[in-house]
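The values are calculated or read from the model by the stated rules, or taken from the named source; none is laboratory data. Please read these numbers as outputs of a predicted model, since none were measured by experiment. Reconstructed Cβ throughout: ideal geometry from the backbone, glycine too, with neighbour counts over all protein chains shown. Please note that ligands, DNA and RNA were not included when accessible areas were found on the heavy atoms of the full protein model with its side chains. Shrake-Rupley method; radii C 1.70, N 1.55, O 1.52, S 1.80 Å.
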Amino acid sequence: VFEQLVFAGYAELPIDPRFLETHAPHIYGGFERIIKSQSRDRFAIALPRNDELPEDMESGDMSRADDETKNQFHYFAGIDSVLRLQRAPLAGLRQMFESASALDTAAHQIACAVGYFCDEHNAQIERHRQYQGSLAMRFADGKRILRILDYLPHPHRTEAPDAKVHIDRSGLTIHWESTHPGLVLWDRQG
C-alpha cells in the first residue's frame, strides 16, 4: 500500500467482501430513514468542530443543491449522543451507527498503519526528511469523519449523478463503496 501511494498517489487494498456486505446495508437503510424522517432537521448538527486549517467541519445530516445535488451524513464517534440531545428520533438506527463505527474504526486502523510506514520511510531519508514528527501519531490523534453520500440528479447536468471534480483535503481518504461504478482518481501524472 505504501509503495502504491508513493508511486500513484492512491492505493487499492483487498478487503473481505463480507465486511461491507455486513455493514453497507445497515448504513444505507439508516441513512434512508434519516432522509425520509419527518424530524430530519433534528439530525443536522451545528457543532463548532474545526479541522486543522481551521475551518468548520460539517457534521450530521445535510443537503446540498448548488454545483452538486446530494444528501450527506457525516458520522463521527459519539454522534448518537449529540443527536439524542437534539431529540432526533434514533429508533431503528442503532445498526447504522454500529456499522458506521465499524467502518470508521477500520479506516482509522488503515490510516495509522499507512502513517507508520510513511514514518519508517521518512526516518530512512536522514538529511532530506519530508516532515517532522510522526504521521502515524497525527492520524491516531486526528479528527476523522465517515461521509455517507447520496448523489441526486442535478437540474443542469444530464449525466448520471456523481461528485464533481474535487481534491480531498484530508490526510487520507478511505473510499469504501459506491452504489455504481464511476470513481476516477488522478495519478501523479495527471
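List of remarks:
- Nearest 10 degrees, 0 to 90: helix 94-124 Cα axis against the chain principal axis: 10 degrees
- Among the chymotrypsin sites (Phe, Trp or Tyr not before Pro) within the stretch 110-149, those in coil by DSSP and having at most 13 neighbouring Cβ atoms inside 10 Å are 131.
- Using alpha-carbon coordinates, inclination of helix 17-36 to the longest axis of the chain, degrees: 40 degrees
- Protein heavy-atom accessible surface, 1.4 Å probe, per residue over the chain: 68 Å².
- Solvent-accessible area of the chain (1.4 angstrom probe, protein heavy atoms only): carbon and sulfur portion equals 54 percent.
- The HN-Hα couplings worked out from phi for the stretch 164-179 by the Karplus form 6.51 cos²θ - 1.76 cosθ + 1.60 (θ = phi - 60°) are 6, 4, 7, 10, 6, 8, 6, x, 7, 10, 9, 9, 7, 7, 10, 6 Hz, whole numbers, x standing for Gly and Pro.
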